[in-house]
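Below is one structure; the comments refer to it alone.
The values are calculated or read from the model by the stated rules, or taken from the named source; none is laboratory data. Everything quoted here is computed from the prediction, not taken from an experiment. Ideal geometry is used to build each Cβ from the backbone, glycine not excepted, and the neighbour counts take in all protein chains shown. Surface accessibility is based on the protein's heavy atoms, side chains included, excluding ligands, DNA and RNA. Shrake-Rupley method; radii C 1.70, N 1.55, O 1.52, S 1.80 Å.
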Amino acid sequence: MKKKMTLLEEAEERKEINKRQNREFIDMYVEWIKKTPNNEWSDQQKKLIDSMLPKKKK
Amino acid sequence: MDYQYTPEKIILKDKKITELDLFVDNFVRMLEKYVNYVIVSGYVAIFFGRSRGTEDIDILIEPMNWDNFQNLYTKLSEKYDFLNSSDSKHLFNMLNEKLGIRIAEKGKIIPNIELKFIKYSFEEYAIKNSILIESESMVFKLSPIELQIAYKLYLGSEKDTLDAQFLYQIFEKDLNKKTLDRWLHHFKVKL
């Protein structure tokens, strides 16, 4: 029977899976960005980055 | 992604300019009238499309004497707040003690510039070998990509490691492999 993981072992496993999937996402994202015109990838990135900054007062 | 790459310059046309790019551009246009600079760290990856935000932009400048720093401080104070202190002497001492000083648009905290004097050999390398990036009407001096990749791997956080992976994969065919290997060796890191 498989031994039950401790909470720390579970967290460690989750951390490693997250790390691996984040690296895989960068692989996929770079592949996409390389074949995407500058105005298109940068339009998506602009929306993300601008949404994180304080709004300019009008 | 369409760009032109030489060891001295990267030209990236048709990039949509973000609020962060404008913030950096406005600051750098003022800064460069007083001192040589180089942009390092996370913004290098973000400029080329890394999909993450940041609250600060790291900029290294050549050490200045007190009089020159006072002139810079006076000019920047017209438009920016110094977040650590409003005492220019204290800020100057911080820079000389290898600390960074944070500067934001008046009334704001983020985004901010973290300004440091160049104090280490790899920072001197970054400014002496900085690359120009041109995009629309903006021109910045950035740290060499090879150094950024190795240094980010050395820093080692998840965010830094992914920045390094992103820069490496974007510029893989353009990088100077010998230079990259040398920096990887210096920082005792591997790709």
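Before moving on, here are some points about what is shown:
- The string of couplings for the range B:171-184 from the Karplus curve (6.51, -1.76, 1.60, θ = phi - 60°) is 10, 3, 6, 9, 5, 7, 5, 5, 5, 4, 4, 5, 5, 4 Hz, one whole number per residue in order, with x for Gly and Pro.
- Nearest-10 value in Å² for the accessible area of B:TRP183, using the 1.4 Å probe: 20
- Ranking of B:TYR3, B:TYR120, B:TYR151, B:TYR80 by solvent-accessible surface, largest first: B:TYR120, B:TYR151, B:TYR3, B:TYR80 (1.4 Å probe, protein heavy atoms only, all chains present).
- In the context of the full set of protein chains, the range B:33-98 has a per residue accessible area of 42 Å² (1.4 Å probe).
- A DSSP coil position with no more than 16 other Cβ atoms inside 10 Å describes the following GluC sites (Glu not before Pro) in the range B:1-65: B:GLU8, B:GLU32, B:GLU55.
- Counting only protein heavy atoms and using a 1.4 Å probe, the accessible area of B:LYS15 comes to about 10 Å².
- The range B:95-130 and the range B:1-21: distance between their alpha carbon centers, rounded to Å: 22
- Counting lysine pairs in the range B:95-188 whose alpha carbons fall under 14 angstrom apart, excluding pairs fewer than 8 residues apart on the same chain, gives 5.
- Whole-number accessible area per residue in Å² for the range B:117-191, which is evaluated in the context of all protein chains at 1.4 Å: 49
- When the accessible areas of B alone and A alone are added and the area of the pair subtracted, with a 1.4 Å probe, the result is around 2500 Å², both sides summed.
- Distant-in-sequence amide H partners of B:ASP58 (H built 1.01 Å from N, under 5 Å): B:VAL40, B:GLY42, B:TYR43, B:GLU114
- Remark: chain A carries 85 Å² of accessible area per residue (probe radius 1.4 Å; ligands, DNA and RNA excluded).
- Principal-axis analysis of the Cα atoms of chain B puts helix B:145-155 at an angle of about 80° to the longest axis.
- Surface listing: A:LYS2, B:LYS128, A:LYS47 arranged by accessible area from highest to lowest gives A:LYS2, B:LYS128, A:LYS47, probe 1.4 Å.
- With the convex hull drawn over the C-alpha atoms of chain B, the volume per residue is 116 Å³.
- J(HN,Hα) series, the range B:77-85, from Karplus relation 6.51 cos²θ - 1.76 cosθ + 1.60, nearest Hz, glycine and proline x: 5, 5, 10, 10, 9, 9, 6, 6, 5
- For B:LYS16, distant residues with modelled amide H under 5 Å away: A:SER42, A:ASP43
- Computed over the alpha-carbon pairs of the range B:102-191, the distance histogram in 5 Å steps reads 3, 12, 18, 22, 21, 14, 7, 2, 1, 0 percent, short to long.
- Calculated from backbone phi, Karplus (6.51, -1.76, 1.60) coupling profile of the range A:44-50 in Hz, x at Gly/Pro: 5, 5, 4, 4, 5, 5, 5
- Degrees between helix A:7-34 axis and first principal axis of chain A (Cα, 0 to 90, nearest 10): 30
- Aspartates and glutamates with Cα under 17 Å of B:LYS15, excluding same-chain neighbours fewer than 8 positions away: A:GLU40, A:ASP43, A:ASP50, B:ASP2, B:ASP25, B:GLU134, B:GLU136
- Heavy-atom accessible surface of the protein assembly as shown: percent carbon and sulfur, 1.4 Å: 51
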